[in-house]
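Input: a single structure, listed below in structure tokens.
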Amino acid sequence: MSRVDDDERLLRGASFGAVAQAYAEHRPDYPGTAVRWCLAPVGSDVSRLRVLDLGAGTGKLTALLTALGADVTAVEPDPAMLAELRRVLPAVNALPGSAEGIPVPDGSVDAVLCGQAMHWFNLEVALPEIARVLVRGGVLAGLWNSDDDRVDWVAGLQAAARGAGSRALTAWRTQSAYYGVGEFAPALFGPTDRAEFPNAQLRTARSLVATIATHSRVLVMTPAERADLLAGVTDYLAGRPETANGEFTVPMITSALRAVRL
């Protein structure tokens, strides 16, 4: 699969603001182990680090970085998503801006982290801009949550959702060019390291359907298409013993990439 083309990227990337509160409520967060791994090249004492959460959305990653003690600046282009972030995290310095135009000075941050966001960037423009705001020796890292479709019922969920929900782990591993994440720009960054972290999420059938409804492929469907897809997912979950009754655990994996600014 190729990277999201420009027209699709703009259309889908602009779709999240309409569901900002649902996104904040239902989307999975990130494991602390993954974030610490991302930051390790610039030190183990997170409280000493200036971290930019780029494409911060409603603040899923921002909240964790703040809890770990980092000095966090969040940058988000969508006004509704940014408003939700500011509502949930009023003490955070949260700015309007994009990966292609970051509103912070040169060399002002030790790390740039991107949670479920880097695939929306125009990387040809964004990577030099990210390098501009990083100190030399600073780290750029991206994190993505994937459904662990090595589990049988999760693979069935992927089929029921027609690939419109969380990306499957096997797709992440075999189609990572979709995210434009081979090596980061080699003139600006060192080799790209990769790691995976378990990130199981507690859900009910209703909350899992609500989570799937916040994904961009679903958001850009017609109302009839969206209703048909979500009804099919609901029927699938009702028919599986793992998910038919009450709460259950969705096995997810957080995949992380990092590279050091040269």
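The values are calculated or read from the model by the stated rules, or taken from the named source; none is laboratory data. All values derive from a computational prediction rather than experimental measurement. Heads up, the Cβs are rebuilt from the backbone with ideal geometry, glycines too, and the neighbour counts pull from every protein chain shown.
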Q) Which of (1) among the hydroxyl-bearing types (Ser, Thr, Tyr); (2) touching a helix residue (DSSP H, G or I) at 6+ places or on another chain (Cβ under 9 Å); (3) over 15 Å from Gln158 (Cα atoms) is the odd one out, the single condition Tyr236 does not satisfy? A) (3)
Q | Of the criteria (1) under 23 Å from Asn199 (Cβ atoms); (2) free of Cβ contacts under 8 Å to residues at least 40 places away in the same chain; (3) part of a loop (DSSP other than H, G, I, E, B), which one Ala155 fails | A | (3)
Q.
When the residues of the stretch 116-142 are narrowed to those that are modelled with pLDDT of 95 or more, of a type in the set (A, V, I, L, M, F, W, C) and not in a helix (DSSP H, G or I), which ends up nearest to Gln201 (Cα to Cα)?
A. Ala141
Q: Hey, can you tell me all the residues within the stretch 40-96 that are under 12 Å from Ala117 (Cβ atoms) and among the hydrophobic types (A, V, I, L, M, F, W, C)?
A: Leu52, Leu54, Ala56, Leu61, Ala74, Val75, Met81
Q | Hits in the stretch 229-261 - residues which are loosely packed, with under 13 Cβ neighbours inside 10 Å and either of a type in the set (S, T, N, Q) or assigned to a helix (DSSP H, G or I) (or both) | A | Ala231, Asp235, Ala238, Asn245, Thr249
Q. What residue, of Asp29, Asp53, Asp110, is within 29 Å of Trp172 (Cα to Cα), part of a strand (DSSP E or B), under 15 Å from the mean Cα position of the chain (by Cα) and acidic (Asp, Glu)?
A. Asp53
Q | Considering residues of the stretch 239-262 that are polar (S, T, N, Q) and touching a helix residue (DSSP H, G or I) at 6+ places or on another chain (Cβ under 6 Å) only, the residue farthest from Pro198 (Cα to Cα) | A | Thr243
Q: Look through the stretch 113-141, keep the residues that are more than 12 Å from Leu52 (Cα to Cα) and under 16 Å from the mean Cα position of the chain (by Cα), and return whichever of them is surrounded by the fewest Cβ atoms within 10 Å (Cβ to Cβ).
A: Asn122
Q) Quick one: how many residues across the stretch 29-40 are surrounded by 19 or more Cβ atoms within 10 Å (Cβ to Cβ) and of a type outside the set (Phe, Trp, Tyr)? A) 5
Q. Hey, among the residues in the stretch 185-208 that are assigned to a strand (DSSP E or B) and either in contact with a helix residue (DSSP H, G or I) (Cβ under 6 Å, 6 or more places away or on another chain) or among the small types (Gly, Ala, Ser) (or both), which one's modelled with the highest pLDDT?
A. Phe197
Q) So Ala238 fits all but one of (1) more than 23 Å from Thr58 (Cβ to Cβ); (2) touching a residue at least 60 places away in the same chain (Cβ under 8 Å); (3) not charged (D, E, K, R); what number is the exception? A) (2)
Q) From the residues in the stretch 44-73 that are surrounded by fewer than 21 Cβ atoms within 10 Å (Cβ to Cβ) and of a type in the set (Gly, Ala, Ser), which one is nearest to Leu140 (Cα to Cα)? A) Ser44
Q: Go through the stretch 187-235 residue by residue and tally those that are more than 19 Å from Asp149 (Cα to Cα), under 18 Å from the mean Cα position of the chain (by Cα) and without any contact (Cβ under 8 Å) to a residue 60 or more places away in the chain.
A: 1
Q) Exactly one of (1) surrounded by fewer than 20 Cβ atoms within 10 Å (Cβ to Cβ); (2) over 16 Å from Arg258 (Cβ atoms); (3) touching a residue at least 12 places away in the same chain (Cβ under 8 Å); (4) not hydroxyl-bearing (Ser, Thr, Tyr) is unmet by Ile102. Its number? A) (1)
